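Contents: one structure, followed by commentary.
What follows is calculated from the coordinates using simple rules that are stated; it is not laboratory data. Small disclaimer: the values here were computed from a predicted structure and weren't measured. Cβ: placed from backbone, ideal geometry, glycine included. Neighbour counts: every protein chain shown.
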Amino acid sequence: MVSYIRFADALSAWFGKAFGWLIIFMAAGTGYEVFVRYVLNDPTAWALDVSFIMYGTMFMMGGAYTLSRDGHVRGDFLYRPWPIRVQGGVDLVLYFVFFFPGVLALIFFGWKYASRSWRYMEVSVNSPAGVPIFQFKTVITAAGILLFIQGVAQVMRCVIALRHGYWLEAEDDIDETEDKLMREALKAEKDAHP
């Protein structure tokens, strides 16, 4: 189980981080649009659609990564005080009752939606530029598949929590600035007062 969990975490992290770079392209596209609109007085017909597509892609492809790092919203004020085995049991039931049916619907209906869009090479009706959106609709299915793979890993985490009474945490891969600054300050204080 642990090797599958690590595989799913690594896969989710790779996709989440890779698609996270879209934020740079979104910022550049928005900056370009602001420049041509307000400086050159020649707005683009495509910038809004492209920013929506990139943001939606980044959001959806980061879902499995967020799930692997326990970053989704939950009622923590109720959940956190429970014993770990109770948390694992509740999570296990909720994965099967809500998560997997929703993710399977995302995969299957997303596939139908995307294949229809590819068939007629769908373009956005919201802009005069006719920005292609058929490739974006494929992201729905891809995100669903990644969520399914990560969901299986989360179920395995629940089983470990039920059996052993602890959560198998994801490996650290991001160092928050505040944590880094705090460690440096503590190290400097310890070095100053040995």
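Taking only DSSP H segments of four or more residues, each worth -39500 (n - 2.57), what value at 222 nm results for the chain once the sum is divided by all its residues, to the nearest 500 deg cm²/dmol? Display every interim value, and only then the final one.
On the way: 9 runs with 139 residues, N = 194.
Helix-only estimate at 222 nm: -23500 deg cm²/dmol.
How do MET58, MET182 rank when sorted from fewest to most other Cβ atoms within 10 Å of their own Cβ? Each step should come with its number before you reach the end.
Values: MET58 18, MET182 11.
With the sparsest Cβ surroundings first, the list reads MET182, MET58.
With springs only between Cα atoms under 10 Å apart, run a GNM on the chain and tell me which of THR141, THR30, THR66 wobbles the most.
The residue with the greatest mean-square fluctuation here is THR30.
Using Cα atoms only, what is the angle between the long axis of helix 134-164 and the major principal axis of the chain, expressed in degrees (0 to 90) to the nearest 10?
Orientation of helix 134-164: about 0 degrees from the principal axis.
For the chain, would you read off the P(r) tail past 28 Å as a percentage of all alpha carbon pairs? Can you show the working numbers first?
Details: 8462 of 18721 pairs.
Summing the P(r) of the chain above 28 Å gives 45 percent of all pairs.
How big is the C-alpha Rg of the stretch 73-118 next to the rule-of-thumb value 2.2 N^0.38 Å, as a ratio? Could the numbers behind the result be given before it?
On the way: Rg = 15.9 Å, N = 46, 2.2 N^0.38 = 9.4 Å.
Here the Cα radius of gyration is 1.68 times the empirical estimate.
In percent, what relative contact order does the stretch 2-192 have, based on Cα pairs under 8 Å that are 6 or more apart in sequence?
Working: 189 pairs, mean separation 54.2, N = 191.
Dividing the mean separation by the residue count of the stretch 2-192 yields 28 percent.
Figure the gain on full extension for HIS164 and ASP179 (residue separation times 0.36 nm, minus the Cα-Cα span) and round it to one decimal in nm.
Values: separation 15, 0.36 × 15 = 5.40 nm, distance 2.91 nm.
Length gained, HIS164 through ASP179: 2.5 nm.
Expressed in nm to one decimal, what extension gain is obtained for the pair PHE134 and PHE59 from 0.36 nm per residue of sequence separation less their Cα-Cα distance? Could you put the intermediate results ahead of the total?
Details: separation 75, 0.36 × 75 = 27.00 nm, distance 1.72 nm.
That works out to 25.3 nm of additional length.
Taking R0 as 30 Å, what FRET efficiency do you get between TRP21 and LEU78 from their Cβ-Cβ distance, rounded to the nearest 0.05?
Computed FRET efficiency for TRP21 and LEU78: 0.25.
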